[in-house]
Amino acid sequence: MTGGAGFIGAHLCRRLAERGHEVAALDDLSTGFRANLDGVGATLHVGSVLDVGLVGELVASADSVVHLAAAISVPDSVTDPVGTNEVNVTGTLNVLCAARDRAAHTVLASSAAVYGPSPEVPTHEELVPRPVSPYAVSKLATESYGLSFAANYQLPVIAFRFFNVYGPLQSPAHSYAAVVPAFVSALLDGRPLQVFGDGKQSRDFTSVASLVAVLADAVERRVAHDRPVNLAFGTSTTLLELIERLQRLTGLAATVEHREPRAGDVRVSQADTTLLRSLFPRIVPQDLDDGLAETIAWFRATYGGQA
Ligand code: NAD
């Protein structure tokens, strides 16, 4: 697995190791952490997906490849599109070439960002992608190369479009931190919650537990598909509703500060789940309150706050 020391990668390493698989994680620790894999039962190889020799060596002994490594920051991709392209596109090509040589089943991480800022909702996979940020373009290239390798080399590939994933291990530290860790950490520390715009924008929040359940099932059943697949469960929660839930679950009162809406912020993000449910009929998603409660518990255990 690439990106195995990251937020999603570490959860997937744990899940696969618990299910008896031998897991090798390749990660350059640029945004991931060695400690995420403590006690997980996966072997960490520190290095880059840009190291063709290392990628080839690791994939040579793998039956399945899950490629999660990426430069994940949208603002950084605007500042440095070439750097994002290098890691996300060239890195993906390196992984796909190695997987092709081994005929390894391959799982790719794309993003709902490929749909652009104002897609039809619920958003289905056949919509014309309108990526705006270089990050979104790189994710469209990621999935397109994957499906190209499937068509040209009969590589079994599935490319998932993740929506808003949240859960334990997700960092609140970056200026571009995802909204759940940003809100939970602010609430526990007694800081104001910053809401860009009126807070009525909605998201299809996916707990990392639900996400890795799908990814592990894809690996174990070697599920492949000739189109990208939305990986979210079709829910819709506004940021104001999210704040209500977090207040109820923590017993803390939030102070909310409204800021100017951010350019390019999607108003409504909600996946059409028809394809996901047909390919993964056994997966039952985790309830939002349960996922948020686990996230809050992890934040309290890790960062303290008003535990
Ligand atoms: P993350 O930053 O925690 O994980 C990415 C991992 O890749 C990190 O451990 C990082 O160190 C590693 N990495 C980066 N560049 C590398 C390189 N050159 N070589 C090897 N490793 C490298 O982020 P995440 O949220 O776990 O994201 C995992 C994947 O899911 C990414 O591809 C991301 O684009 C995608 N995704 C995530 C979300 C979300 O809501 N979290 C949404 C859409 C797509």
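To keep it simple, each residue is scored yes or no on (1) in a loop (DSSP other than H, G, I, E, B); (2) over 18 Å from LEU279 (Cα atoms); (3) modelled with pLDDT under 95.
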residue: VAL180; (1), (2), (3): no, yes, no
residue: VAL195; (1), (2), (3): no, yes, no
residue: LYS200; (1), (2), (3): yes, yes, no
residue: ALA213; (1), (2), (3): no, no, no
residue: ASP226; (1), (2), (3): yes, no, no
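Enumerate the pairs (first residue in the range 146-160 and under 9 Å from PRO228 (Cβ atoms) and open to solvent by less than 30 Å² (accessible area, probe 1.4 Å); second residue anywhere and assigned to a strand (DSSP E or B) and among the aliphatic types (A, V, I, L, M)) with beta-carbon separation below 6 Å, excluding pairs fewer than 6 apart on the same chain, so at least 6 apart or on different chains.
GLY146/LEU108; GLY146/VAL157; GLY146/ALA159; ILE158/VAL107; ALA159/LEU108; PHE160/VAL229; PHE160/LEU231
So which residues in the range 269-294 are open to solvent by 70 Å² or more (accessible area, probe 1.4 Å) and in a loop (DSSP other than H, G, I, E, B)?
Of everything in the range 269-294, those that are open to solvent by 70 Å² or more (accessible area, probe 1.4 Å) and in a loop (DSSP other than H, G, I, E, B) turn out to be PRO281, ARG282, VAL284, ASP287.
So, in the range 32-77, exactly how many residues are open to solvent by 60 Å² or more (accessible area, probe 1.4 Å), near the ligand (Cβ under 9 Å from one of its atoms) and assigned to a loop (DSSP other than H, G, I, E, B)?
Selection size over the range 32-77: 4.
Just for the range 1-31: of the residues that are over 17 Å from ALA98 (Cβ atoms) and β-branched (Val, Ile, Thr), which one is surrounded by the most Cβ atoms within 10 Å (Cβ to Cβ)?
ILE8
Starting from the range 1-29, take each residue that is within 22 Å of ALA71 (Cα to Cα) and among the hydroxyl-bearing types (Ser, Thr, Tyr) and list its partners that are assigned to a loop (DSSP other than H, G, I, E, B) and near the ligand (Cβ under 9 Å from one of its atoms), counting only C-beta distances under 7 angstrom and pairs at least six apart or across chains.
Partner pairs satisfying both residue conditions: THR2/VAL49; THR2/LEU68; THR2/ALA69.
Restricting attention to the range 93-139, report how many residues are hydroxyl-bearing (Ser, Thr, Tyr), crowded, with 18+ Cβ neighbours inside 10 Å and either in a helix (DSSP H, G or I) or more than 13 Å from the ligand (Cβ to nearest atom) (or both).
Qualifying residue count, the range 93-139: 5.
Quick one: in the range 232-268, of everything that is at pLDDT below 95 and among the small types (Gly, Ala, Ser), which residue is surrounded by the most Cβ atoms within 10 Å (Cβ to Cβ)?
GLY264
Suppose the filter is part of a loop (DSSP other than H, G, I, E, B) and without any contact (Cβ under 8 Å) to a residue 40 or more places away in the chain; does ALA263 pass it?
Taking the combined requirement at face value, the residue satisfies it.
Do we find a residue being over 19 Å from ALA173 (Cα atoms), near the ligand (Cβ under 10 Å from one of its atoms) and among the acidic types (Asp, Glu) anywhere in the range 14-25?
no
The values are calculated or read from the model by the stated rules, or taken from the named source; none is laboratory data. Keep in mind that this is a model prediction, so the values were computed, not measured. Positions of Cβ are generated from backbone atoms using ideal geometry, with glycine treated the same way; all protein chains shown enter the neighbour counts. Protein only, heavy atoms only, side chains kept; ligands, DNA and RNA dropped before computing areas. Shrake-Rupley method; radii C 1.70, N 1.55, O 1.52, S 1.80 Å.
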